[in-house]
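Undergrad: I have a structure here, written as structure tokens, and I will follow up with some questions on it.
The values are calculated or read from the model by the stated rules, or taken from the named source; none is laboratory data. All values reported here derive from a predicted model rather than from experimental measurement. Methodologically, a virtual Cβ is constructed for each residue, glycine included, from the backbone with ideal geometry; neighbour enumeration extends over all protein chains shown. Heads up: the accessible areas ignore ligands, DNA and RNA and are worked out on the full protein's heavy atoms, side chains in. Shrake-Rupley method; radii C 1.70, N 1.55, O 1.52, S 1.80 Å.
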Amino acid sequence: MKIVLLLLSFFLGFLVVSTGFSQNVVKQDTVKSVVEVNNTGKKIITDTTAQQELSPLDISNSRGLYILTRDGLMQLRIMGSVRFSALYDIVELPTKNNFITYEIPTGSANHKIPNYANSLSWTRIGFEITRKTKQGNVFIRIETDFAGPNNKFRIRHAYGQVGRWLVGQTWSLLANVSDMPLTVNPSGPAGAVTLRTPQIRFSSRKKGNYFWDVGLEYSQIDLNQQVTDTLSYTTVQMLPDFTGRIGISRKWGSVQFAAVVNTISTKDTQSKVSNSFGFGGFLSGKINLNKSQSFSFQVNSGKSIAHFMSTFSGAGLDAVFDPATGKFKSLYSLGAFVSYGSHWSHKISSSLSFGSANIFNKSFEPCNSFRNSISLSADIFWNVIKGARVGLNYTYGQRWNKDSTTGRASRIWALFYYDF
């Protein structure tokens, strides 16, 4: 929290000292306030983020306090969101910020132990700076929340953008968050990809309704590193992930195909490094059935790419150790979801989603190894006033192991938040 206050003090102090703006607020509406400098009449710069991916739970471009410098060449946007969640688990799950089907206990461990929890860890604060230059707008975005381990401070977005180049951390090219359904669960249905990565990205200028992007991204390979009592391995990153996507967006909706090639490098206690490659394809999109109804989908499959799915984050399912050969063997994964969304009015919207996350097991894996899981969720959101929203959710999940033992869990979830 001290870091947040320090950042706020720094930015506001800088603007007051260097620009000397007068206290003249142009009241365009109650949603967006623009502080002008000495009645210059300068207009705010179109937000660069309007051209970037915004997930359904992101802070809208219409929120925030916009401040202009005297010469009108720089704009600062201060934005934030206070978010409170309350949940009730029928079967206790260790993660409260997401509903993770991989964590559902199976067999005799699947006891119905109800659990209630509250959280404010999704509360966010961010800054966006746009500066006009002869070469075009330079845009910087920093956004944080408290959803790190043990509710610690976490960076969500931190990147700079000049022209068609982007450097920093933001949504992976493999995560088509713009077409995700609106759900209380920020990771979406089982099998969905909602990953943010450090990256270097080059984007095409839109020609008609088509677009493409390529990037070098950093995502950590996820392995079960402690394989025996006497033999252990660690992962090393030899090369970045090579990612790319191509898509089309029209009135009927949008479709996007993305792909990744990544390296899997392991080092044993004798510093001997072994390398292999992973790859995957990601198909996603949104079809507008009419003005108020839509259909969203996503399918991803490949080798050693399980860590891209929120369901498997931290589960060590990119590859498994084969004791017969003394090497890691890559695992193939498959994730998919479909979702139907409806806007009943300008205040009420809902969605019904089904997701699936699967691992293709090796013959030498233990019987209790994860095999596949599903989730079924229903969400409804009410826009109370501009910037304030209430969401209610019910999610049912089920997990199966290699030996077909199974476990079930369900959660009732509420989210209250105000974006300012």
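Undergrad: Please go through (1) crowded, with 19+ Cβ neighbours inside 10 Å; (2) hydrophobic (A, V, I, L, M, F, W, C); (3) at pLDDT 95 or above for Phe321 and return the number of the only condition it doesn't satisfy.
TA: (3)
Conditions (1) touching a Pro at 6+ places or on another chain (Cβ under 7 Å); (2) within 18 Å of Gly215 (Cα to Cα); (3) not in a strand (DSSP E or B), marked per residue:
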{"position": "Ile125", "(1), (2), (3)": "no, no, no"}
{"position": "Lys132", "(1), (2), (3)": "no, no, no"}
{"position": "Phe139", "(1), (2), (3)": "no, no, no"}
{"position": "Glu143", "(1), (2), (3)": "no, no, no"}
{"position": "Ala147", "(1), (2), (3)": "no, no, yes"}
{"position": "Asn150", "(1), (2), (3)": "no, no, yes"}
{"position": "Ala158", "(1), (2), (3)": "no, yes, no"}
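Undergrad: Sticking with this structure for a sec: Given the conditions (1) at pLDDT below 95; (2) closer than 16 Å to Ile200 by Cα; (3) not β-branched (Val, Ile, Thr), and given that Trp122 satisfies all but one, which numbered condition is not satisfied?
TA: (2)
Undergrad: Test Ser342 against the stated conditions and say whether it is small (Gly, Ala, Ser), free of Cβ contacts under 8 Å to residues at least 60 places away in the same chain and either open to solvent by 60 Å² or more (accessible area, probe 1.4 Å) or out of contact with any Ser or Thr (no Cβ under 8 Å at 6 or more places or on another chain) (or both).
TA: On the way: small (Gly, Ala, Ser): yes; free of Cβ contacts under 8 Å to residues at least 60 places away in the same chain: yes; either open to solvent by 60 Å² or more (accessible area, probe 1.4 Å) or out of contact with any Ser or Thr (no Cβ under 8 Å at 6 or more places or on another chain) (or both): no.
The answer is no for Ser342.
Undergrad: Taking region 293-309 as the search range and keeping residues that are among the polar types (S, T, N, Q) and out of contact with any Pro (no Cβ under 9 Å at 6 or more places or on another chain), which one is nearest to Phe337 (Cα to Cα)?
TA: Step one: of region 293-309, the residues among the polar types (S, T, N, Q) are 293-294, 296, 298, 300-301, 304.
Narrowing further to those that are out of contact with any Pro (no Cβ under 9 Å at 6 or more places or on another chain): 293, 300-301, 304.
Numbers: Gln293: 17, Asn300: 10, Ser301: 12, Ser304: 20 Å.
Here the answer is Asn300.
Undergrad: Without any contact (Cβ under 8 Å) to a residue 12 or more places away in the chain and closer than 28 Å to Val255 by Cβ: is that true of Leu289 in this structure? Spell out how you get there, then give the answer.
TA: Working: without any contact (Cβ under 8 Å) to a residue 12 or more places away in the chain: yes; closer than 28 Å to Val255 by Cβ: yes.
So Leu289 passes the test.
Undergrad: May I pose another question? Take region 80-107 and flag every residue that is of a type outside the set (D, E, K, R) and in a loop (DSSP other than H, G, I, E, B).
TA: Our first condition is that a residue be of a type outside the set (D, E, K, R); within region 80-107, this holds for 80-82, 84-88, 90-91, 93-95, 97-102, 104-107.
Once the filter is applied, which keeps residues that are of a type outside the set (D, E, K, R) and in a loop (DSSP other than H, G, I, E, B), region 80-107 yields Ile90, Val91, Leu93, Pro94, Thr95, Asn97, Asn98, Phe99, Ile100, Ile104, Pro105, Thr106.
Undergrad: Restricting attention to region 180-207, report how many residues are open to solvent by 20 Å² or more (accessible area, probe 1.4 Å) and within 22 Å of Asn97 (Cβ to Cβ).
TA: Residues that pass the stated criteria total 6.
Undergrad: Determine the pairs where a residue that is under 17 Å from Gln75 (Cβ atoms), located within region 135-157, has a partner that is of a type in the set (A, V, I, L, M, F, W, C) and assigned to a loop (DSSP other than H, G, I, E, B) with Cβ atoms under 7 Å apart, the partner being 6 or more residues away or on another chain.
TA: Qualifying pairs under 7 Å: Asn137/Ile45.
Undergrad: Given the structure, is Phe416 surrounded by fewer than 16 Cβ atoms within 10 Å (Cβ to Cβ), closer than 23 Å to Val299 by Cα and touching a strand residue (DSSP E or B) at 6+ places or on another chain (Cβ under 6 Å)?
TA: Values: surrounded by fewer than 16 Cβ atoms within 10 Å (Cβ to Cβ): yes; closer than 23 Å to Val299 by Cα: no; touching a strand residue (DSSP E or B) at 6+ places or on another chain (Cβ under 6 Å): yes.
So Phe416 fails the test.
Undergrad: When you scan region 313-420 for strands (runs of 3 or more DSSP E) that lie fully inside it, which ones turn up with 2 or more residues that are under 21 Å from Leu195 (Cβ atoms)?
TA: Values: elements: 319-322, 327-330, 332-343, 348-360, 370-385, 388-401, 406-419.
Because the criterion is at least 2 residues that are under 21 Å from Leu195 (Cβ atoms), the strands (runs of 3 or more DSSP E) in region 313-420 that meet it are 332-343, 348-360, 370-385, 388-401.
Undergrad: Please go through region 310-339 and give me each residue that is acidic (Asp, Glu) and in contact (Cβ under 8 Å) with a residue 60 or more places away in the chain, ordered by number. Spell out the reasoning first.
TA: Just the residues of region 310-339 that are acidic (Asp, Glu), to begin with: 318, 322.
The answer is Asp318, and nothing else.
Undergrad: Here are Ile90, Ile104, Ile113: which of them is surrounded by fewer than 15 Cβ atoms within 10 Å (Cβ to Cβ) and farther than 27 Å from Tyr418 by Cβ? Let's see the steps before the verdict.
TA: Numbers: Ile90 fails: surrounded by fewer than 15 Cβ atoms within 10 Å (Cβ to Cβ); Ile104 fails: surrounded by fewer than 15 Cβ atoms within 10 Å (Cβ to Cβ).
Of the residues listed, the single one that is surrounded by fewer than 15 Cβ atoms within 10 Å (Cβ to Cβ) and farther than 27 Å from Tyr418 by Cβ is Ile113.
Undergrad: Right, Ser172: open to solvent by 10 Å² or more (accessible area, probe 1.4 Å) and touching an Asp or Glu at 6+ places or on another chain (Cβ under 7 Å) or not? Walk me through how you get there before you give the answer.
TA: Values: open to solvent by 10 Å² or more (accessible area, probe 1.4 Å): no; touching an Asp or Glu at 6+ places or on another chain (Cβ under 7 Å): yes.
Answer is no for this residue.
Yes or no, residue by residue, for (1) open to solvent by less than 30 Å² (accessible area, probe 1.4 Å); (2) in contact with a Lys or Arg (Cβ under 8 Å, 6 or more places away or on another chain); (3) not charged (D, E, K, R):
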residue	(1), (2), (3)
Asp379	yes, no, no
Lys386	no, no, no
Gly397	yes, yes, yes
Thr405	no, no, yes
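Undergrad: Next up: Do we find that Gly136 is farther than 22 Å from Asp379 by Cα, open to solvent by less than 40 Å² (accessible area, probe 1.4 Å), in contact with a His (Cβ under 8 Å, 6 or more places away or on another chain) and not basic (Lys, Arg) in this structure? If you could, list the steps in order and put the result at the bottom.
TA: On the way: farther than 22 Å from Asp379 by Cα: yes; open to solvent by less than 40 Å² (accessible area, probe 1.4 Å): yes; in contact with a His (Cβ under 8 Å, 6 or more places away or on another chain): no; not basic (Lys, Arg): yes.
For Gly136, the condition - farther than 22 Å from Asp379 by Cα, open to solvent by less than 40 Å² (accessible area, probe 1.4 Å), in contact with a His (Cβ under 8 Å, 6 or more places away or on another chain) and not basic (Lys, Arg) - is not met.
Undergrad: Assess whether Leu76 counts as being within 25 Å of Gln398 (Cα to Cα) and assigned to a strand (DSSP E or B). Working first, answer last.
TA: Details: within 25 Å of Gln398 (Cα to Cα): no; assigned to a strand (DSSP E or B): yes.
No, not satisfied.
Undergrad: A further question follows. Residues of region 56-87 being open to solvent by 30 Å² or more (accessible area, probe 1.4 Å) and among the hydroxyl-bearing types (Ser, Thr, Tyr), which ones?
TA: Going through region 56-87, the residues open to solvent by 30 Å² or more (accessible area, probe 1.4 Å) turn out to be 56, 60-62, 65, 70-71, 73, 82, 84.
Correct list: Ser60, Ser62.
Undergrad: Determine whether Ser351 is of a type in the set (Ser, Thr, Tyr), crowded, with 21+ Cβ neighbours inside 10 Å and in contact with a helix residue (DSSP H, G or I) (Cβ under 6 Å, 6 or more places away or on another chain). Even if it seems obvious, please write down each step before you answer.
TA: Working: of a type in the set (Ser, Thr, Tyr): yes; crowded, with 21+ Cβ neighbours inside 10 Å: yes; in contact with a helix residue (DSSP H, G or I) (Cβ under 6 Å, 6 or more places away or on another chain): no.
In short, no.
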